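These notes are about the structure you will find just below.
The values are calculated or read from the model by the stated rules, or taken from the named source; none is laboratory data. From a predicted model like this one, the values you see are computed outputs, not experimental measurements. Cβ coordinates were reconstructed from backbone atoms using ideal geometry, including for glycine residues, and neighbour counts include every protein chain displayed.
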Amino acid sequence: IRNIISCEGGERKERHEKLEKWIQRLGLACFENVPLSYAGMLQARRLLQGYKFDGYRIKDENRCVLICWQDRPLFSVSAWRCRK
């Protein structure tokens, strides 16, 4: 995760890659995906609906939350922890 989360400023590198690549990279670095809470998913859906932004959707895929425009993923949110 170095240069993704732990570094700021000039040392930080942003990586714009597909979700599948991140899942593979974090898995190889001895991290495991942790499911996000169902209550959190419901709250996110309600908030999105409350703003009346038709067309935006929230999907659960590979234990990650995808925020989509129509069917096109824009952002993904996931949780990871070190494998024991």
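At-a-glance table
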item	result
Residues that are more than 24 Å from TRP80 (Cα to Cα) and hydroxyl-bearing (Ser, Thr, Tyr), drawn from segment 28-56	TYR51, TYR56
When residues of segment 30-84 are limited to those that are small (Gly, Ala, Ser) and out of contact with any Asp or Glu (no Cβ under 9 Å at 6 or more places or on another chain), the one nearest to LYS18 (Cα to Cα)	SER78
Failed criterion for ASN3 (all others in (1) outside any loop (DSSP other than H, G, I, E, B); (2) at pLDDT below 85 hold)	(1)
